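Asker: The structure that follows is given in the form of structure tokens.
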Amino acid sequence: MAFKYRLESYLDVKSKIEGQRKIEYGVALSKLDEEINKKKLLCKQKDAAIADFKLRLGDKIYPGLYRDTNNYIELLKRQIIKQDDVIAQAGLEVERKRDLLTEAVKERKTLEKLKEKNQIEYNREQIIKEQKLVDEITSYKFSKQT
């Protein structure tokens, strides 16, 4: 008779949950990377706007150009600050997903260790049964010879 772990289906479910948690964690990491890249792009746009403004000014001052460029740069600064908040939220989500993944891994490993212990106990019981059977056969053969 082969070993059958009574919690095998539960272990399968836990393994699937772990797989789902890994996917969710990967998605959260991708989202965080995406938000960081958005911030980098905003910073590059701000730096480019400042450099362009300096080039276009030269020696003369144009009030309209100064006002428009200043407004654009301030808008980019506000967007960068908002993006920092988005990045912080995405970072918190990554941490939450990592915690869920860690919990799922612990649950699966606990069940696997329990399965392993049950397997060892089952094997030990099988060895004892085999030894009893061998003893019975030996006793039977010995009693037939005498």
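Readers should treat all values here as calculations from the given coordinates under stated rules, not as data from a laboratory. Computed from a prediction, not measured in an experiment: that's the story for all the values here. Every residue, glycine as well, gets a Cβ built from its backbone with ideal geometry; the counts of neighbours run over all protein chains shown.
Asker: Nothing charged except the Cβ atoms of Lys and Arg (+1) and of Asp and Glu (-1): what's the magnitude of the dipole of the chain about its Cα centre? Round to the nearest 20 debye. Don't skip to the answer; put the middle values down first.
Answerer: Numbers: 33 positive and 26 negative charges, 15 e Å.
Taking the Cα centre of the chain as origin, the dipole is about 80 debye.
Asker: At a temperature of 10 °C and a viscosity of 1.306 mPa s, determine how fast region 8-109 diffuses translationally according to Stokes-Einstein, using the Kirkwood radius over alpha-carbon pairs as Rh; express D in µm²/s, rounded to the nearest whole number.
Answerer: On the way: Rh = 16.7 Å.
Answer from the Stokes-Einstein relation: 95 µm²/s.
Asker: Would you mind checking Lys22/Lys44; Lys16/Lys109; Lys38/Lys77; Lys16/Lys115 for any pair whose Cα atoms are more than 21 angstrom apart? Numbers along the way, then the final one.
Answerer: Details: Lys22/Lys44 33 Å; Lys16/Lys109 13 Å; Lys38/Lys77 13 Å; Lys16/Lys115 17 Å.
Over 21 Å Cα-Cα: Lys22/Lys44.
Asker: Residue by residue through region 96-109, what is 3J(HN,Hα) from phi via Karplus (6.51 cos²θ - 1.76 cosθ + 1.60, θ = phi - 60°)? Round to whole Hz and write x for glycine and proline.
Answerer: The phi angles translate into 5, 5, 5, 5, 5, 5, 4, 5, 5, 5, 4, 4, 5, 5 Hz.
Asker: Let me ask something else about it. Counting only C-alpha contacts under 8 Å and six or more residues apart, can you give the relative contact order of the chain as a whole percent? Could you put the intermediate results ahead of the total?
Answerer: Values: 63 pairs, mean separation 64.0, N = 146.
About 44 percent, as a whole number.
Asker: Continuing with this model, one more query. Report, in degrees rounded to the nearest 10, the 0 to 90 angle that the Cα long axis of helix 8-57 makes with the longest principal axis of the chain.
Answerer: Orientation of helix 8-57: about 10 degrees from the principal axis.
Asker: Another one. Report the gain in length on full extension from Ile127 to Ala48: 0.36 nm times residue separation, minus Cα-Cα distance, nm rounded to one decimal. Walk me through the numbers before you get to the answer.
Answerer: On the way: separation 79, 0.36 × 79 = 28.44 nm, distance 7.71 nm.
Going from the current span to full extension adds 20.7 nm.
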